[in-house]
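The values are calculated or read from the model by the stated rules, or taken from the named source; none is laboratory data. A quick note: this is a predicted structure, and the numbers were derived from the prediction, not measured. Glycine also receives a Cβ, built like all others from the backbone with ideal geometry; neighbour counts cover every protein chain displayed.
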Amino acid sequence: MDHFLYRNGSLHAEDVPVSDIAAAVGTPFYVYSTATLLRHFSLFDEALAGTDHLVCYAMKAASNQAILKTLAQAGAGMDVVSVGEYLRARAAGVPGERIVFSGVGKTAEEIRTALEGGIRQFNVESEPELEVLNAVALSLGKIAPITIRVNPDVDAKTHAKIATGKSENKFGIPIARAREVYALAGAMRGLDVIGIDVHIGSQLTDLAPFEQAYLKVAELTTLLRADGHDIRRLDLGGGLGIPYERSNSAPPLPLDYGALIKRTVGHLGCEIEIEPGRLIAGNAGIMVCRVIYVKQGEGRDFLILDGAMNDLIRPAMYDAHHDIVPLVEPEPGVETRPYDIVGPVCETGDTFARQRAMSPLAAGDTIAFRSAGAYGAVMASEYNTRPLIPEVLVKGDQFAVIRHRPTFDEIINRDTIPEWL
Ligand SMILES: *Cc1c(COP(=O)(O)O)cnc(C)c1O
């Protein structure tokens, strides 16, 4: 469910007509709904009610500080995967004790910054990282709280580029070697081994792989406790999928996911953390574009937009589907026609949809890509010297620009010319 609905024939973000934002900000842009962000966060929070838990929003999905602050004020922690994200979360007012640091390639410098600034835990992904973390902690006279990310070797049944829990993926340590690696960690004086971490992939539309993974984590908890480790926190990762195609998909609900967590690991008495990103931000954001030209091709019509693959890369990168709707609601019963919907970038990959049935559109019309809140703005680039598009946040009948569109001068002046030129 989201808060982007037609009212009186025009698409609204909560109580704001999206066309008003387009008039004020110019297209293309992203707009997020506060109510949707908060609703999705609470669905997770409520699904884990009755267990000691923290929902750590995986901020790589959409990391604007206004979004982070909205969620943090509702009680969310943050899952970060770089020191940049750590500093951004801190700048948004998130305390260190609510920030979890994930990622396969944390550098000593990143670890030092987080340890000095305060951190809830590091999710360690390899033996060399254990050594570096231990050394940095000892050099600072600190003890680093850690979990170790285990790779449970389950098939998440999602797109290959976002599956992370198979043994051939780069993530975590093989679960079969977990006891050995925990023994190593347990002997390091700079580390406090507090738990286990697992994250098997993204956009999962079936609960079965979660169940397989969490049962393995439960079994491992018992073994590690018998080995003398005080396992008291389980970080169960993110990955719950969202319905990108309204008409034909119904991924599992957070409530059922919460029940699954309680059923598989609830008896262990551990504090539970989860790291949802996409399900919180995905349907809380849309990307709004204008049609520049309607071009008649050989046997097909192209809608050429002012938004492109550099603004929203998911279709090019993951073959992702986004529902696309006009800002002006089509008359009931209007006949649709197929369009190839493309951006202006010089790559055939700059295609958002092929032969998509839409109500007839003309140059100047505005359309919205639904479910673009997660892995949208954060993955944007300035390819073709196209400025990063603005982000806007709506709350009720108010809206605010939360990242402005850079001027061409800002972009161009970022380059520096060597003396010899
Ligand atoms: C990307 C990621 C997440 C979030 O995944 P979603 O599919 O967006 O919920 C959580 N944890 C880790 C470690 C990740 O890398």
Answer yes or no as to whether I175 is touching a Lys or Arg at 6+ places or on another chain (Cβ under 9 Å) and touching a residue at least 60 places away in the same chain (Cβ under 8 Å). no
If we ask which residues in the stretch 28-86 are surrounded by fewer than 21 Cβ atoms within 10 Å (Cβ to Cβ) and touching a Phe, Trp or Tyr at 6+ places or on another chain (Cβ under 7 Å), their number turns out to be 1
Please specify each residue of the stretch 29-43 satisfying the condition of being over 16 Å from the mean Cα position of the chain (by Cα) and among the small types (G, A, S). A35, S42
Within the stretch 340-351, considering residues that are out of contact with any Asp or Glu (no Cβ under 9 Å at 6 or more places or on another chain) and in contact (Cβ under 8 Å) with a residue 12 or more places away in the chain, the one surrounded by the fewest Cβ atoms within 10 Å (Cβ to Cβ): C346
Being assigned by TED's automatic domain parsing to the domain that holds L215, exposed (fewer than 14 other Cβ atoms within 10 Å of the Cβ), of a type in the set (A, V, I, L, M, F, W, C) and over 18 Å from L37 (Cβ atoms), is that true of even one residue in the stretch 233-242? no
Which count do you get for residues in the stretch 283-305 that are among the hydroxyl-bearing types (S, T, Y) and in contact with an Asp or Glu (Cβ under 9 Å, 6 or more places away or on another chain)? 0
Does the stretch 192-209 hold any residues that are closer than 16 Å to L268 by Cβ and within 23 Å of the chain's Cα centre (by Cα), and which are they? I196, D197, V198
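Step by step: first the residues of the stretch 181-196, then only those that are touching a residue at least 60 places away in the same chain (Cβ under 8 Å) and not small (G, A, S), then the one that is farthest from the ligand (Cβ to nearest atom). Which residue is that? Show your work before the answer.
Taking the stretch 181-196 as the starting set, the residues that turn out to be touching a residue at least 60 places away in the same chain (Cβ under 8 Å) are 185, 191, 194-195.
So of that shortlist, the ones also not small (G, A, S) come out as 191, 194.
Working: L191: 19, I194: 17 Å.
Among residues in the stretch 181-196 that are touching a residue at least 60 places away in the same chain (Cβ under 8 Å) and not small (G, A, S), the one farthest from the ligand (Cβ to nearest atom) is L191.
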Failed criterion for L388 (all others in (1) in a strand (DSSP E or B); (2) touching a Pro at 6+ places or on another chain (Cβ under 7 Å) hold): (1)
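What is the residue count in the stretch 226-254 for residues that are under 30 Å from V325 (Cβ atoms), within 16 Å of the ligand (Cβ to nearest atom) and either of a type in the set (A, V, I, L, M, F, W, C) or over 15 Å from the mean Cα position of the chain (by Cα) (or both)? Full working, then the answer.
Taking the stretch 226-254 as the starting set, the residues that turn out to be under 30 Å from V325 (Cβ atoms) are 238-254.
Filter once more, keeping what is within 16 Å of the ligand (Cβ to nearest atom): 238-244, 249, 251-254.
Filter again for either of a type in the set (A, V, I, L, M, F, W, C) or over 15 Å from the mean Cα position of the chain (by Cα) (or both), leaving 240, 242, 249, 251-254.
Of the residues in the stretch 226-254, 7 are under 30 Å from V325 (Cβ atoms), within 16 Å of the ligand (Cβ to nearest atom) and either of a type in the set (A, V, I, L, M, F, W, C) or over 15 Å from the mean Cα position of the chain (by Cα) (or both).
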Against the definition (on the phi > 0 side of the Ramachandran plot and at pLDDT 95 or above), how does G84 come out, yes or no? no
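Residues of the stretch 153-174 being among the hydroxyl-bearing types (S, T, Y) and either over 18 Å from the mean Cα position of the chain (by Cα) or more than 11 Å from the ligand (Cβ to nearest atom) (or both), which ones?
To start, the set of residues in the stretch 153-174 that are among the hydroxyl-bearing types (S, T, Y) comprises 158, 164, 167.
Once the filter is applied, which keeps residues that are among the hydroxyl-bearing types (S, T, Y) and either over 18 Å from the mean Cα position of the chain (by Cα) or more than 11 Å from the ligand (Cβ to nearest atom) (or both), the stretch 153-174 yields only S167.
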Which one of the conditions (1) out of contact with any helix residue (DSSP H, G or I) (no Cβ under 6 Å at 6 or more places or on another chain); (2) within 16 Å of the ligand (Cβ to nearest atom) does R405 fail to meet, given that it meets all the rest? (2)
Scan of the stretch 358-385 for residues that are of a type in the set (S, T, N, Q) and under 23 Å from E245 (Cα atoms), ordered by number: S359, T366, S371
If you go through the stretch 121-142 one residue at a time, how many are out of contact with any Lys or Arg (no Cβ under 6 Å at 6 or more places or on another chain), of a type outside the set (S, T, N, Q) and within 28 Å of A176 (Cβ to Cβ)? 11
From the set of residues in the stretch 197-225 that are more than 16 Å from the ligand (Cβ to nearest atom) and among the polar types (S, T, N, Q), which is farthest from E180 (Cα to Cα)? Q212
Failed condition for D153, given (1) in contact with a helix residue (DSSP H, G or I) (Cβ under 8 Å, 6 or more places away or on another chain); (2) at negative phi, with all others met? (2)
What is the number of the single condition among (1) more than 14 Å from the ligand (Cβ to nearest atom); (2) under 17 Å from the mean Cα position of the chain (by Cα) that M78 does not meet? (1)
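Being outside the structural domain of A353 (by TED's automatic domain parsing) and either farther than 21 Å from I175 by Cα or surrounded by 21 or more Cβ atoms within 10 Å (Cβ to Cβ) (or both) is true for just one of G258, G266. Which residue is that?
Working: G266 fails: either farther than 21 Å from I175 by Cα or surrounded by 21 or more Cβ atoms within 10 Å (Cβ to Cβ) (or both).
So the residue among G258, G266 that is outside the structural domain of A353 (by TED's automatic domain parsing) and either farther than 21 Å from I175 by Cα or surrounded by 21 or more Cβ atoms within 10 Å (Cβ to Cβ) (or both) is G258.
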